[in-house]
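Just below is one structure, and these are the notes that go with it.
The values are calculated or read from the model by the stated rules, or taken from the named source; none is laboratory data. Computed from a predicted structure; not experimentally measured. All Cβ positions, glycine included, derive from the backbone under ideal geometry; neighbour counts span all protein chains shown.
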Amino acid sequence: MKRYHVTTFGCQMNAHDSERIKGMLEELGLGEAASQEEADVLVFNTCTIREKPDQRFAAHLGNAKVLKRADPEKVIAVGGCYAEAQRDKLFDLYPFVDVAFGPGTIPHLAEWLGAGGEAPRGRFGTGAEREFAGTLPMHRERRFQAWVQVSMGCNSVCSYCVVPAVRGREVSRRPGEILAEVTQLASQGVCEITLLGQNVNSWGRDLLPDVKTEFGELLRACNAVDGVERIRFTSPHPKDFRREVIAAMAECDAVCEHAHLPLQSGSTRILKAMRRTYSRERYLRVVDELRAAIPDLALTTDIIVGFPGETARDFEETLEVVEEVAYDGAFTFVYSPRQGTEAAAMANQIAEETKRERIERLVELVQRVAEARNRERVGRIEQVLVEGPSRTDPALLRGRTRRNVTVNFAGASAPGDLVDVRIEGATSTTLKGTECVPHPAIHAGPWPAITRRESPPSPLPRLQALAAVECGLSLGARNPEAGRHDWKGH
Ligand code: 5AD
Ligand code: SF4
């Protein structure tokens, strides 16, 4: 049997695309190889958001070149965002690459292999030629967690970002298709879903007037699927946390108490140059609205330092916002000019040394603030979805709280279990604890009770009804008045 190996760079969308690439290759009869060396087909699913992934990919391709020289029968395939960005130069830069495709043209790899290499070497595109990877078979790493793609592309014009150029304009997947997938996943034992889109919470706008809907309705419809205990979504944009979305987050008991709210900069002047479409004040208002609606909400963010023209004062404003919001975690980045973006052509680029100083100060503050937030959890009991053994101490288990914090804990539960854990310690990125164990002498009833918010009864989400018509789903809801039914796609 021929074997494949997929190396993935970049974001969760890319990781999910890789699940589809693997599923597609397995459907062609290939098995998975443990390493690049053992594979007949080497796939690199690339990222180009910053310079670093570009460099990492170049190092990997160096290795692939050596393998190809030793065995010319090996197929080297390059997909994803870097491939799309370099579509005109890729085969000149790396002549030993056999086949290439963009993030929207994944099926091309199977077509090319199926045609014995007789099809065109490259297929790219950011327009109508793109297909949702959601229509391909999938190879999932975990049986109880799954990503569900809800949209592709991005309509924002952030001046630093290469994504719109490589993933194209935003197209929403139809609600019927999304709900059919969520329902099928739940019936296979998935209890946590993460809805994925480059701008996930603007989902649905382009479906107008065909299906009049918005992201909050999608959350409600997913919440109504039996078996779905946790719903997450990424990556959202602060401008799209509208009233309806926040209300749905607050009301749906499966939607986790976590919002990722990319700040990028705390200076309104820089936000304007970044074309983020919100000011510092507007951003802070969204934070207030979210916290008012969802008590105990965890907030994480993305921040860039050293954007062109960023003054010492602008940077101080970023630090002020970090302190004021008190994030539970943050991804921090040094600005990296990307070819073809508006910001890369700006004259006032910041010196590397200044960027370095700023990122160090920012990281230090983020760690201090996040550690204080995590310390507040000590003494509480948190619901944890068990993922496996701890990475640092195999005697412990590892899982995630609803607020998306990793917990290493002593316990006897199995991956996929939802358990209560007493929190006993905290660092800036993890919690430590002990699983609450039932004690028959003390507790007659089921113990521990899973701590989840109670949702008020709601009418059957309108989107479910729409999706049912579209996909022939049988309906059920968490609504006690409506009774509980099994949801099955068929
Ligand atoms: N330089 C540095 N960071 C960037 N990001 C996106 N583009 C760039 C860039 N050119 C960051 C943003 C985004 C995250 C996914 O990556 O913070 O939210
Ligand atoms: Fe990287 Fe952006 Fe592509 Fe994700 S969408 S793989 S972050 S360039």
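One residue stands out among those in the stretch 277-321 that are in contact with a strand residue (DSSP E or B) (Cβ under 8 Å, 6 or more places away or on another chain) and among the small types (Gly, Ala, Ser): the one that is nearest to ligand 1 (Cβ to nearest atom), which is Gly306. Among helices (runs of 4 or more DSSP H) entirely within the stretch 236-352, having at least 2 residues that are touching a Pro at 6+ places or on another chain (Cβ under 6 Å) singles out 280-293. Only one of the numbered conditions (1) farther than 20 Å from Gly114 by Cα; (2) within 16 Å of ligand 1 (Cβ to nearest atom) is violated by Leu61, and that is (2). For the criterion of being farther than 28 Å from Thr429 by Cα, crowded, with 18+ Cβ neighbours inside 10 Å and among the β-branched types (Val, Ile, Thr), Ile303 fails.
Note on the stretch 323-358: residues that are crowded, with 16+ Cβ neighbours inside 10 Å and under 24 Å from Thr406 (Cα atoms) total 7. Within the stretch 214-227, the residues that satisfy the criterion of being crowded, with 22+ Cβ neighbours inside 10 Å and not in a helix (DSSP H, G or I) are Ala224, Val225.
Residues in the stretch 132-147: is at least one within 16 Å of ligand 2 (Cβ to nearest atom), charged (D, E, K, R) and on the phi < 0 side of the Ramachandran plot? Within the stretch 132-147, not a single residue is within 16 Å of ligand 2 (Cβ to nearest atom), charged (D, E, K, R) and on the phi < 0 side of the Ramachandran plot. One residue alone among Ala119, Ala34 is more than 16 Å from ligand 2 (Cβ to nearest atom), of a type outside the set (Lys, Arg), in a loop (DSSP other than H, G, I, E, B) and closer than 24 Å to Gln145 by Cβ, and that residue is Ala34. Within the stretch 148-178, restricting attention to residues that are in contact with a Leu (Cβ under 6 Å, 6 or more places away or on another chain) and not in a helix (DSSP H, G or I), which residue is nearest to ligand 2 (Cβ to nearest atom)? So, considering only residues that are in contact with a Leu (Cβ under 6 Å, 6 or more places away or on another chain) and not in a helix (DSSP H, G or I), the one nearest to ligand 2 (Cβ to nearest atom) is Gln149. How many of the residues in the stretch 64-108 are touching a strand residue (DSSP E or B) at 6+ places or on another chain (Cβ under 9 Å), assigned to a helix (DSSP H, G or I) and more than 28 Å from Thr135 (Cβ to Cβ)? Of the residues in the stretch 64-108, 4 are touching a strand residue (DSSP E or B) at 6+ places or on another chain (Cβ under 9 Å), assigned to a helix (DSSP H, G or I) and more than 28 Å from Thr135 (Cβ to Cβ). Considering only residues in the stretch 11-35 that are within 16 Å of ligand 1 (Cβ to nearest atom) and among the hydrophobic types (A, V, I, L, M, F, W, C), the one that is surrounded by the fewest Cβ atoms within 10 Å (Cβ to Cβ) turns out to be Ala15. Can you find even one residue in the stretch 403-411 that is at pLDDT 95 or above, of a type in the set (Phe, Trp, Tyr) and either in contact with a strand residue (DSSP E or B) (Cβ under 7 Å, 6 or more places away or on another chain) or over 16 Å from Val225 (Cβ atoms) (or both)? Within the stretch 403-411, one or more residues are at pLDDT 95 or above, of a type in the set (Phe, Trp, Tyr) and either in contact with a strand residue (DSSP E or B) (Cβ under 7 Å, 6 or more places away or on another chain) or over 16 Å from Val225 (Cβ atoms) (or both). Restrict the check to the stretch 14-28 and report whether at least one residue is part of a strand (DSSP E or B) and of a type in the set (Gly, Ala, Ser). No, the stretch 14-28 contains no residue that is part of a strand (DSSP E or B) and of a type in the set (Gly, Ala, Ser).
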